[in-house]
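To start, the structure under review is shown below, and the notes come after it.
Derivation of every value follows stated rules applied to the coordinates shown; laboratory data play no part. These numbers were taken from a predicted model, which means no experiment stands behind them. Cβ atoms come from the backbone with ideal geometry, glycine included; neighbour counts cover every protein chain shown.
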Amino acid sequence: MRLPPGKAAELFRPYEQHGSDRSGLGLGLAITRKSISASGGEVRVRDIPGTGCLFVIELPRLNDHLI
């Protein structure tokens, strides 16, 4: 399935399902985004035509003095 332009944000909405497999609740990416955001990070998605989607998670680096 190809991700239409401008539709990436919809993937992170609760209960969204865009694939043919409807076995889940559509909460996984919504929970992922909220937990990463709560940690000060960010999650992004990029469509790779003919392959699927690439999800990138960026988290802030832990300060050395906190270790």
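Points to keep in mind about this one:
- G19 vs. criteria part of a loop (DSSP other than H, G, I, E, B), surrounded by 13 or more Cβ atoms within 10 Å (Cβ to Cβ) and of a type outside the set (A, V, I, L, M, F, W, C): no
- Here is the figure for region 22-40: residues that are in a loop (DSSP other than H, G, I, E, B) and among the polar types (S, T, N, Q) total 2.
- Residue check, T51 more than 9 Å from the chain's Cα centre (by Cα), on the phi < 0 side of the Ramachandran plot and β-branched (V, I, T): yes
- Meets criteria (basic (K, R) and under 17 Å from L3 (Cα atoms)) for R61: no
- Residue in region 46-56 that is surrounded by fewer than 10 Cβ atoms within 10 Å (Cβ to Cβ) and more than 22 Å from P5 (Cα to Cα) present: no
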